[in-house]
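Down below is the structure, laid out as structure tokens.
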Amino acid sequence: MVSELSDTITFLGTAGARFVVARQLLASGGAWLTLGSTQILLDPGPGSLVQTAKRKLDPVKLDAIILSHKHLDHSGDINIMIEAMTDGGIKHRGTVFAPSDALDQDPVILSYLRPYPQDIQILTEDGTYTINDVSFRTPVRHKHPVETYGFIFETPRHTFSWITDTRYFENLAGHYKGDLLVINVVRLKAGATLDHLSLPEAKSIIEELKPRVAILTHFGMTMWRAKPWELAGELSEETGVYVIAARDGLKFDLTQLERY
Ligand SMILES: [Zn+2]
């Protein structure tokens, strides 16, 4: 029997790094994943609550909130989103996933909120986690100033990966095989900062992984000024992989992957 369930990713923001976030040139609310009947919020940065309301997404339906790392552009709204997921702490529900340094050391998740969700699980390197019939892995610790993980999600229908903030390192790509690759590309050119991926690095990752589709997101100023949608078009031609640039509010339905 053909299932009517689908998997979608809604981008509640595409801003990366400080200036684009601070000026809200792009939104920074993270991403809302609807994977079958499971609802997940990934990296609720500043404005996540406003973005969910604007897109008519109901935080009380969230099954989980996942934090890749504690930098503000990813975690700014995590406390209010935990409160929203639990209906102000009245409903003891949902799971929060976060690296240990988001909870222990200079924590971004307030202590008084911690009893609200049903569970808080600590992300570790090579960890596997489940949320209903969805599982995800955190294959490798990223090279970033705070503890950071990317993800490979597996639903009954699709496998997709998300390479979050990191500096480029050897075999980074090898950890993230999937039908769809979402990749945070902060910088246009390599070399200026070591903590984020640049466009040429993203290109080599896409060439190595050859996903059906790659989505660029989390743009810093240099990427934004260079028009990510044009850069994505060029990457498509150069790599032979269909590459698109996320935009605020984009809802990507993973059934589209079958076309590529
Ligand atoms: Zn970061």
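At-a-glance table
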{"read-out": "Solvent-accessible surface ranking, highest first, for ILE66, ILE122 at 1.4 angstrom", "value": "ILE122, ILE66"}
{"read-out": "Degrees, to the nearest 10: 228-239 long Cα axis against longest axis of the chain", "value": "60 degrees"}
{"read-out": "Magnitude of the charge dipole, the chain, Cβ model with Lys/Arg +1 and Asp/Glu -1, debye to 20", "value": "600 debye"}
{"read-out": "222 nm mean residue ellipticity, helices alone, for the chain (DSSP H n ≥ 4; -39,500 (n - 2.57); rounded to 500)", "value": "-5000 deg cm²/dmol"}
{"read-out": "Proximal lysines to LYS203, defined as alpha-carbon separation beneath 22 angstrom and excluding residues fewer than eight positions away on the same chain", "value": "LYS143, LYS177, LYS189, LYS227"}
{"read-out": "Under the Karplus curve 6.51 cos²θ - 1.76 cosθ + 1.60, θ = phi - 60°, whole-Hz ³J(HN,Hα) for the stretch 52-66, x wherever Gly or Pro sits", "value": "5, 5, 4, 8, 6, 9, 9, x, 5, 8, 5, 8, 7, 10, 10"}
{"read-out": "Burial ranking of peptide ranges 41-54, 129-142, 97-110 (average Cβ count within 10 Å, highest at the top)", "value": "41-54, 129-142, 97-110"}
{"read-out": "Separation between Cα centres of the stretch 184-260 and the stretch 16-36, rounded to whole Å", "value": "15 Å"}
{"read-out": "The stretch 1-136, dipole about Cα centre (Lys/Arg Cβ +1, Asp/Glu Cβ -1), debye to the nearest 20", "value": "560 debye"}
{"read-out": "Simple spin-label estimate for ARG167 and LYS91 in nanometres, 7 Å along Cα-Cβ", "value": "4.3 nm"}
{"read-out": "Share antiparallel - DSSP beta bridges, the chain, percent rounded to 5", "value": "50 percent"}
{"read-out": "By accessible area with a 1.4 Å probe, ligands and nucleic acids excluded, highest first: order of ASP63, ASP7", "value": "ASP63, ASP7"}
{"read-out": "With every protein chain in place, the chain: carbon and sulfur % of accessible area (1.4 Å)", "value": "50 percent"}
{"read-out": "Within the stretch 130-260: Cβ-based charge dipole about Cα centre, in debye rounded to nearest 20 (Lys, Arg +1; Asp, Glu -1)", "value": "160 debye"}
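The values are calculated or read from the model by the stated rules, or taken from the named source; none is laboratory data. As the structure is a computational prediction, the values presented were derived from the model and not from experiment. Neighbour counts run over all protein chains shown; Cβ positions are idealised from the backbone, glycine included. In case anyone asks, the SASA skips ligands and DNA or RNA and just uses the protein heavy atoms, side chains included. Shrake-Rupley method; radii C 1.70, N 1.55, O 1.52, S 1.80 Å.
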